[in-house]
Amino acid sequence: MTKDDPNNEASSESRPTAKKAKGGIDVVEATDDRLVERLRERFGDAIHSAVIMVGQRVVVVAVDSLAEVLTYLKSGDELKFDLLLDVTAVHRPAETPPFELVYQLCSTSTLERVRIKSGIEDGASAQSVTGIWRTANWLERECFDMFGIVFEGHPDLRRILLPEGWEGHPLRKEYPVEFRENRWVADTLNIHALPDDADFSGKVEI
């Protein structure tokens, strides 16, 4: 029996076609995954896509159904993804929607993992999951601080890395990486940018 034999169970026709993600990583449609099947059965069109990448499920969910899906993943009859490892986001200004929320979940009993993604528009908000996992409190605050994404229902949504009153969100693509004068620094620390033609000669003793 050759690999081209139609009766060969390992033939390429019997396997999902692998795609290449950015960086050359193989991405395969999660067509026979039981967890994905349960999610599709329960949430229907709210499950936009599901793939296997680097041995891990990546499921894209409608943002309006995000909290409901995450609740189910934590406490469903067959599911116990009881550990929220991370909440972060990706900013791609040229795409629609330009933001993508990312939730990394783990089951401490089975050690299975699943990554849940959801696209979100600039200026839109997502439902907080602090009522599902207490660890979401600081993770959502960091996402708000770095990307400016608002989480409705968060008990204390404010900056966590940068001070209140800071302008901009550093992980947005339009945020400049080079130094620029910041109003918070000038007003709070009384530090102002010096003019380009400032004369420092004779000001430092060696």
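What follows draws every value from the coordinates through simple rules; no lab data is involved. Because the structure is a prediction, the values reported are computed rather than measured. Note: ideal-geometry Cβ built from the backbone for every residue, glycine included; neighbour counts use all protein chains shown.
Applying both filters, DSSP loop and at most 11 other Cβ atoms within 10 Å, to the trypsin sites (Lys or Arg not before Pro) of the stretch 54-139 gives R134.
The calculated FRET efficiency for W138 paired with D197, based on their beta-carbon distance and R0 = 45 Å, is about 0.50.
In this label model, D64 and D187 are separated by 3.8 nm, measuring between points 7 Å along each Cα→Cβ vector. Close lysine pairs were tallied over the stretch 20-161: pairs 8 or more places apart or on different chains with Cα atoms under 20 Å apart number 4. Using the Stokes-Einstein relation with a Kirkwood hydrodynamic radius computed over Cα pairs, the translational diffusion coefficient of the stretch 20-161 at 4 °C and a viscosity of 1.567 mPa s comes to 83 µm²/s. Model label sites at R159 and Q56, defined 7 Å from Cα along the beta-carbon direction, differ in position by 3.0 nm. Note on V177/T88: beta-carbon distance plugged into 1/(1 + (r/R0)^6) with R0 of 22 Å gives a FRET efficiency of 0.70.
Applying the criteria of a DSSP loop state and at most 15 other Cβ atoms within 10 Å to the GluC sites (Glu not before Pro) of the stretch 59-140 yields E78, E95, E112, E121. Taking every C-alpha pair closer than 8 Å and separated by at least 6 residues, the mean separation divided by the residue count of the stretch 20-161 gives a relative contact order of 18 percent.
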